[in-house]
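The values are calculated or read from the model by the stated rules, or taken from the named source; none is laboratory data. Not measured: the values here are computed from a predicted model. Cβ placement follows ideal geometry from the backbone for every residue including glycine, while neighbour counts extend to all protein chains displayed.
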Amino acid sequence: MRISAVLAFLIIFTASACKSPQKNPETAAVEDISLGPVVHDSLTADQILKIKYIQQTFQDVYPVTLEETITNFKRDEHPDKEIAIWLNMATAYQKFIQKYTGSDSAKKQEAFKLILLRSMMPSPKAIEQAQLKVLSQEQVNDLLQYYHADAVPLTTKEQ
């Protein structure tokens, strides 16, 4: 399978962090996922500015360089749509971090994993898939309340 979205790196990261003995017919095996090709030679200055904000926001929980992040957005057929999703995620994550200042690394990682999954599926399914261990119910509710976009399922293309 080939994923043509920036979520490729993150789905690999998330899948390895939350492996489950349950099989889901909608889920691809991590080893079967590969990054799609770069489909845009360049991005606009406005897109780059937004991508910098996204990369900086998630730097602590997803340490990928700015160059890698830009390249990943270049892989997406519709980078503006993907950037909008990530900006919604970043806004929710920032509100969470501001409310729960002093959150440790484990809470930040879970918050990131939950908001990433929520961007792809409804809240109940995201909570189930995230297999949360350190976030309180109040923190989960707050984080999900901060994310206002509809779920956009991850799309794949056959090689």
* Asked: Out of all the residues in segment 46-67, which are acidic (Asp, Glu) and either closer than 13 Å to PRO79 by Cα or touching a helix residue (DSSP H, G or I) at 6+ places or on another chain (Cβ under 7 Å) (or both)?
  -> ASP46, ASP60
* **Answer from ASP80, ASP150 - the residue that is of a type in the set (D, E, K, R) and under 19 Å from PHE58 (Cα atoms)** => ASP80
* Only one of these is crowded, with 17+ Cβ neighbours inside 10 Å and either touching a Phe, Trp or Tyr at 6+ places or on another chain (Cβ under 8 Å) or not in a helix (DSSP H, G or I) (or both): ILE85, ILE115. Name it. => ILE115
* Asked: What number goes with the only condition from (1) outside any helix (DSSP H, G or I); (2) over 17 Å from the mean Cα position of the chain (by Cα); (3) of a type outside the set (Val, Ile, Thr) that ASN141 does not pass?
  -> (1)
* Asked: Taking segment 30-75 as the search range and keeping residues that are farther than 23 Å from ALA92 by Cβ and of a type in the set (A, V, I, L, M, F, W, C), which one is modelled with the lowest pLDDT?
  -> VAL30
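On the basis of being part of a loop (DSSP other than H, G, I, E, B) and either touching a strand residue (DSSP E or B) at 6+ places or on another chain (Cβ under 8 Å) or within 21 Å of TYR53 (Cα to Cα) (or both), does ALA149 make the cut?
Details: part of a loop (DSSP other than H, G, I, E, B): yes; either touching a strand residue (DSSP E or B) at 6+ places or on another chain (Cβ under 8 Å) or within 21 Å of TYR53 (Cα to Cα) (or both): yes.
When the stated conditions are applied, ALA149 passes them.
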